[in-house]
Structures are given as structure tokens and as C-alpha cells.
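Participant: Take this structure first; my questions come after.
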Amino acid sequence: MPAPITVHVAGSERSVAEGTTYGELFEDQRGVLVARVDGELRDLHLAAHDGEAVEPVTAAEQDGLEVLRHSAAHVLAQAVQQVNPSARLGIGPPVRDGFYYDFDVETPFTPEDLKALEKTMQRIVNEGQTFRRREVSDQEAAAELAAEPYKIELIGLKGGAAEDAAEGASVEVGGSQLTIYDNVRKDGTVAWGDLCRGPHVPSTKVLGNAFKLMRSAAAYWRGSERNPQLQRIYGTAWPSKEELKAYLERLAEAERRDHRRLGAELDLFSFPEVLGAGLPVFHPKGGVVKREMEDYVRRRHIEEGFSYVGTPHISREELFYTSGHLPYYADGMFPPMDLDGQSYRLKAMNCPIHNLIYRSRGRSYRDLPLRLFEFGTVYRDEKSGVLSGLTRVRMITQDDSHSYVAKEDAPAEVGHLLEFVLSLLRDFGLEDYYLEISTRDDSKPEKFIGSDAQWEEATRVLEEVAVASGLELVPDPGGAAYYGPKISVQARDAIGRTWQMSTIQYDFNQPERFGLEYQAADGTRQQPVMIHAAKFGSIERFVGVLVEHYAGAFPPWLAPVQVLGIPVAEEFEPYLREVGERLAAEGVRFELDESDDRFPKKIRNASKSKVPFVLIAGEEDRSAGAVSFRYRDGSQKNGVPVEEAVQEVLGAIRAKTQV
RNA sequence: GCUGGCGUGGCGCAAUCGGUAGCGCACCUGUCUUGUAAACAGGUGGUUGGGGGUUCGAGUCCCCCCGCCAGCUCCA
């Protein structure tokens, strides 16, 4: 008779026989995947010890969900090796919405392979194999995994170095004790095993039919392009079939909102192949969105004390040696073109030219802060594989400003800029964002210029302002530009994806390199600090984000066509045209549907074009001096007097509300 | 840049074993047009991304280039 032990189960004390497993403690509860024991996750098949505090963990919480997904990755690896025993294993961690596993295989996976693997996985799942934890010494592991070179490499890195070895590697060799997880069949035979920190779900059965393999792609081993590429399979796994379906529906919704698709459907912009990759053209309708946005942003800058300037798109190369972009950033710049024996470059940044404006005459402390601003289009030689719609292009129009301030005024200027940036984002309906602070990587001094003291001060100023904003702040070590640290705003769009938008950078380097100075009140010559700020980052990217955020249904003030008139029959065209002229006189973008389509077809077209206001007129409206509204949600308001209708439209445009 | 997949009228797609390119929408023309998501009929439009090769014959097979997609790496 084993001696009883005492454990604290979910807060209450229980006395159980020694050898009782965690799983047995939760026998009467459904959906428990692992136990949290004194804060650490453990497998359910392990025995509890005296005095432990034990809590059940289900897939309803993040920890449980990650265990579920990690186990799904194991089943995938088992399936791959079952089908192809020569496949070598990389790592297989859980990730956002799912998991992946990397394999070294002779030939990459095809979509058909994925289908077949999914079936193999389903068989393993249905079999209800259990995950068994087994502690091994380094030598034992090395012997057992002799055929798995990547695992062997990880064994050598176990412990603290694991997460440095590769993102996700700690799930394989997280602690100081190596463990192997065996998948055990119902008859007790071992089906498969993998080096793994664990823990795992009790049985493959838990995965049910709520998993799916999504795609395969190459990934560099341990995240370095100097290493060989492995074949990565991405999958998704959820606690239930319903949640899997909901996830797939979210993906479908994201696809419907994709700005590349909506851009073509709504005739906003295109990427003509002859132009070359990453070079968008804006069509008239996209041009309206872009111009409305630019007009507004320009006006707000002027209100906030910025001076609008203009600069060329190319410059003699020398300028970029002065600024330091060459050679620090040579790879990202287009190659030089030769003019009369001089090398010219497309500019990749506006700041050097703004510095020339600063330097164009002597400056006094009375000129400061000097705030120069423009929509500066820069060209960057982004690698072909990273280009993507409007969000990653080679032509980037920045709403770029440079504030030249006395050093002691820099904190106030940074604060002012951040506030300004956030107010602009709110005006465009983006409410959901967080800050990221990018700092120098101390281990790579060759990538950054400036003294330690300068970096410290710059970083401190940005940090203080960022913290004072009260927003969520995420560190990004090593992400700084060579000339200084930055704060960036990462905005979430309507479906939760994040994009780097605004950036604010503190720069003590360029003022020095350009010899910028001003005369202080005491007659001495001082060097200003410059603060770079891009409010929306890239106009192109921002348009793309807006399209997705609104799913193409822009608020009236941004909508390419604000009001579309649809006559019930041809006879009412003149009447509606008059209404349209009244609206146009107020600056409203009005179009009249004069096509020879019949009425219901016109309604359908209007609906597909996502115009905010459809105005309809037939005999009833005309004789009453009224019009009828049809809104985007299909609802209607009939017999609205024309003047009232005009006011409703104008009100929505001026208030920048969504309808 | 790397790995894989893909490229057929403006858009979405089809074309068997390699056999001489077809459909829907859009567009044009005509007959139409009265209340909230598709009237009817006819018609125009393609060097199948570009170039080269194999073949009696290439959208289909091979090579090079361009572009697109996914992921990796990168993103001042």
C-alpha cells in the first residue's frame, strides 16, 4: 500500500496515493492536455509528488494551445518519416495559429505530398498513440539520434543557447536534461520517437480532425542564409473542428480584403509588368484616395509648424558618402548612372537633401526648431523575393520630415512628433497599434556609427517619450538604423496583421557629417540634433493598409466616388443630374449611372463598387423634390428632400465618419 | 537573393496522349428600361509573359530571361 501524498489541485488540498499521475488528478475533467506544476508544464502521464501545486491546462489557454500544436508538429514529423524514412528532422515548434516542422529531404514536398501526409497523420491520430517521456543522457541521445545530424547539432547547444541557435529550437532542447518522446501504440510498441523537451498532449487522439497542412516552403537551417535550406511544412491545429473552420474562414476573409485583389477590382492601382517589379501606378480612383490623404496630411503638417519643401529624386553620389548611406547601405540603393563622367544615384532617403536646405544659409537659434517636410519619393533596391503589392515596393513615397532642434529641445520635439503621428493614424480610423523601439546591436559595432554616449542619450530620449505615451512598447534590439535609434508605430489592420507605419528617429550623426550648425544666443556655434519622422512611413503601403482596413469600403471623405446617382428609369436622369450638380458645387464627387443597364443591374454594380451613398430617383421622388438613399448595408431611406440629402452627405464627408 | 509553385483576351477560368485555343463577366452594337444585387440578342478582342530549342505539329516537352504567389533571409 503506497503512502499517501498531498497535492494542491487547482487551489484545494487533496490526499492521493503515491504514484498517482497528473492525468488521474483530472480524470473527471474534459479537455485537460497537460498539468501546470509549480508553474511548469508537465505531461499528464507523469506521477505527482508530495507538496506540489497542480493546475489543469486546456487548449482554452495559450500554453495548452501551444502544446496541442507542438504535438501536431510531432505527428507531422512521424508521418513524414513513415512515408519517407530518409527525411532528416529539423525543428518543429508551435507558431501563431499553428505549427511547422523542418525537414531535410531529397525532393521538396508537392501539394499532393501534403494531402497524402495529412491522411497519414489522420491515421496516426485515429490510432490514439500516446506520448511517452524518456530522459536520456547526452551520450544516449547522440547514439540514438546518430542518423539525425540536425538534432545532434542541437544537443550540443542545449540549455541557454538553444533559443539563440534558432527561433523555436528551445522546444526541442529547452532544459538541461535531454528527453526523447516516444509515440506508443495501443499494443505498447513504439511507433516513433523524437528528441523533444515536451510536454505533449496525452494522446494523438486529442488532435481529432481539427488540423490541416497549409503549405510548404524552404527555410534556412537555424535562420541563416549561409546554412542549407530545409523544407518546411506549415500546418494549423485547433481544439475543435469548429475552430479550425473559423480560422479557415478568417483566412478567406483576409483574401477577400487583400489590397492586391481589391486594387484591381475597384480599379485603384496596378503593377504593369513592363515597368518592372515593385513599381505601382495609381489609376484615377486610387489617385483620389492617395490625393485626399496627401492633401489632408500636408495641411496637418503645415498646421503643426512644418515647412513644405521639394527635392529631386537623384543626386550625385558624393552626397550619399557625406550622409553615410554609402557604403553602409550600398546594397539597398540602385546602382549609379553615369552622367558626363559623374556617378548619380536614385535617392534612397530624403534626409541628405533636407540637410542641404538647412545648410543653404547661416542658421540662428531663432530658426529652431526648423521643420522641413515633403512627400519625398525614394527608390530602394528591395530584393525581388520580398516585394509584395503596395506593402513592399521599390518606389516609396515618404511623408518625411526632419526637425532640426537644439539638443536640449529634442525630447520635446520627439514627444510632439509622436503625438502628431498618433493623431493622424486616428484620423484614418486606425486605432489599434503598438510601439516598437529599435536600438543598436552592441555586438555588431561595425553596423552603427557614433559614440556610445550618443547612442545612450538618443535611446534614452526615445524611450522616455515612448513610455510616457502609455502605449504598449516592444523592444527591437539591433533594429536601429546605422545613424540612430528609432521608435516605430506598428499598426494592426482590420484582420489583425501588423505593419510598420510611422517611424521617429533620433539622429546625431548626420548633423555632424554635414557640418550643420547654428549660432546660439550666447554667440557660440552649436550643432543641432535632427529628428527624422515618417508619419505614415510609405504612402504606398499606407494606401494598401487602408484598402484592407476598410475592405475597399472607404469612408465618404476618402471614397473615389462619394455619391452615385441611379435613376429608376432613363426619364429621371435629368432630375438626378440636377441633384448631382448641387452636390458637385459643394465639392462632392458625384457620378450618374447613365448606362443602359436596367435598374436592378445598376443597383448591383453600385453595390459591388462600394460607393458610400447611392441616390435613387423615380417618379415618387421627383414629384416630391426628394431622393432615396441606398446605403452600403442594403438599407434604404426614401423620399428625403434634396437639401436634406445634400446635408447628410456633406455632414458625413466633413466629419470623416464611416457610413 | 534562396527554395518551391504559377503565368492562356481587361478580370476569373477551361483545353484529354503534343493535333492547331474555348467559356463566364467586362467591353461594343441593337431592341429594351418605373423602385433596391444580373433584361434579351448579336459582336469585337488572344504571336497562350518574352526569347530560344525538340517535333510533321507546342498553351502542353526542354533551356534562358521577365513577372506573380508562398515561405526563408532582408527591410536605414
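The values are calculated or read from the model by the stated rules, or taken from the named source; none is laboratory data. All values derive from a computational prediction rather than experimental measurement. Note that each Cβ is placed from the backbone with ideal geometry, even for glycine, and that neighbours are counted across all protein chains shown. For accessibility, only protein heavy atoms count, side chains too; no ligands or nucleic acids. Shrake-Rupley method; radii C 1.70, N 1.55, O 1.52, S 1.80 Å.
Participant: Is it true that A:Val614 is assigned by TED's automatic domain parsing to the domain that holds A:Arg577, more than 6 Å from RNA strand B (Cβ to nearest atom), open to solvent by less than 30 Å² (accessible area, probe 1.4 Å) and more than 41 Å from the chain's Cα centre (by Cα)?
Facilitator: Here the answer is no, as A:Val614 does not meet what is asked.
Participant: Among the numbered conditions (1) within 9 Å of RNA strand B (Cβ to nearest atom); (2) open to solvent by 40 Å² or more (accessible area, probe 1.4 Å); (3) more than 30 Å from A:Asp427 (Cβ to Cβ); (4) of a type outside the set (D, E, K, R), tell me where A:Pro574 comes up short.
Facilitator: Only one criterion in (1) within 9 Å of RNA strand B (Cβ to nearest atom); (2) open to solvent by 40 Å² or more (accessible area, probe 1.4 Å); (3) more than 30 Å from A:Asp427 (Cβ to Cβ); (4) of a type outside the set (D, E, K, R) is unmet by A:Pro574, namely (1).
Participant: So, one more: Residue pairs, Cβ under 9 Å, 6 or more apart or interchain, first in region A:638-659 and surrounded by fewer than 16 Cβ atoms within 10 Å (Cβ to Cβ), second of a type in the set (S, T, N, Q). List them.
Facilitator: Every condition considered, the pairs that remain are A:Asn638/A:Ser628; A:Gly639/A:Ser628; A:Gly651/A:Thr657.
Participant: What number of residues in region A:163-196 are in a loop (DSSP other than H, G, I, E, B) and modelled with pLDDT under 90?
Facilitator: Number satisfying all stated conditions: 8.
Participant: Next question. How about region A:330-386: which of its residues are free of Cβ contacts under 8 Å to residues at least 60 places away in the same chain, over 16 Å from A:Glu318 (Cβ atoms) and among the small types (Gly, Ala, Ser)?
Facilitator: Scanning region A:330-386 gives A:Gly332, A:Ser360, A:Gly385.
Participant: Among (1) under 30 Å from A:Tyr482 (Cα atoms); (2) open to solvent by less than 50 Å² (accessible area, probe 1.4 Å); (3) basic (Lys, Arg), which single condition is A:Arg298 missing?
Facilitator: (2)
Participant: Still on this model: Just the residues that are hydrophobic (A, V, I, L, M, F, W, C) and either buried (at least 18 other Cβ atoms within 10 Å of the Cβ) or assigned to a helix (DSSP H, G or I) (or both), please, taken from region A:619-628. So that I can check it myself, show each step before the final result.
Facilitator: Here is the first cut: in region A:619-628, the ones hydrophobic (A, V, I, L, M, F, W, C) are A:624, A:626-627.
Result: A:Ala626, A:Val627.
Let's see how each residue does on (1) of a type outside the set (Lys, Arg); (2) away from RNA strand B (no atom under 15 Å from the Cβ); (3) closer than 20 Å to A:Leu244 by Cα:
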{"site": "A:Pro94", "(1), (2), (3)": "yes, no, yes"}
{"site": "A:Tyr101", "(1), (2), (3)": "yes, no, yes"}
{"site": "A:Glu106", "(1), (2), (3)": "yes, no, no"}
{"site": "A:Phe109", "(1), (2), (3)": "yes, no, no"}
{"site": "A:Lys115", "(1), (2), (3)": "no, no, yes"}
{"site": "A:Thr120", "(1), (2), (3)": "yes, yes, yes"}
{"site": "A:Glu127", "(1), (2), (3)": "yes, yes, no"}
{"site": "A:Glu135", "(1), (2), (3)": "yes, yes, no"}
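Participant: For region A:75-128, what are the residues that are in contact with a helix residue (DSSP H, G or I) (Cβ under 8 Å, 6 or more places away or on another chain), open to solvent by 50 Å² or more (accessible area, probe 1.4 Å) and in a loop (DSSP other than H, G, I, E, B)?
Facilitator: Within region A:75-128, none qualify.
Participant: Checking the conditions here, which among A:Gln500, A:Gln526, A:Gln490, A:Gln505 is surrounded by fewer than 20 Cβ atoms within 10 Å (Cβ to Cβ) and either acidic (Asp, Glu) or over 27 Å from A:Gln658 (Cα atoms) (or both)?
Facilitator: After applying the criteria, what remains is A:Gln526.
For every residue, the table says whether it meets (1) within 9 Å of RNA strand B (Cβ to nearest atom); (2) at negative phi.
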site: A:Gly198; (1), (2): no, no
site: A:Tyr220; (1), (2): yes, yes
site: A:Gly235; (1), (2): no, yes
site: A:Pro239; (1), (2): no, yes
site: A:Leu244; (1), (2): no, yes
site: A:Glu273; (1), (2): yes, yes
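Participant: Looking at A:Gly287, A:Gly385, A:Gly376, A:Gly278 in this structure, which one is open to solvent by less than 50 Å² (accessible area, probe 1.4 Å), assigned to a helix (DSSP H, G or I) and farther than 30 Å from A:Thr524 by Cβ?
Facilitator: On the way: A:Gly385 fails: open to solvent by less than 50 Å² (accessible area, probe 1.4 Å); A:Gly376 fails: assigned to a helix (DSSP H, G or I); A:Gly278 fails: assigned to a helix (DSSP H, G or I).
On inspection, the qualifying residue turns out to be A:Gly287.
Participant: Is there any pair linking a residue in region A:243-261 that is without any contact (Cβ under 8 Å) to a residue 60 or more places away in the chain to one that is more than 11 Å from RNA strand B (Cβ to nearest atom), with Cβ under 6 Å and at least six apart or on different chains, and which?
Facilitator: A:Leu244/A:Ala210; A:Leu244/A:Trp238
Participant: Does region A:428-450 contain any residue that is open to solvent by 50 Å² or more (accessible area, probe 1.4 Å), away from RNA strand B (no atom under 16 Å from the Cβ) and at pLDDT below 90?
Facilitator: yes
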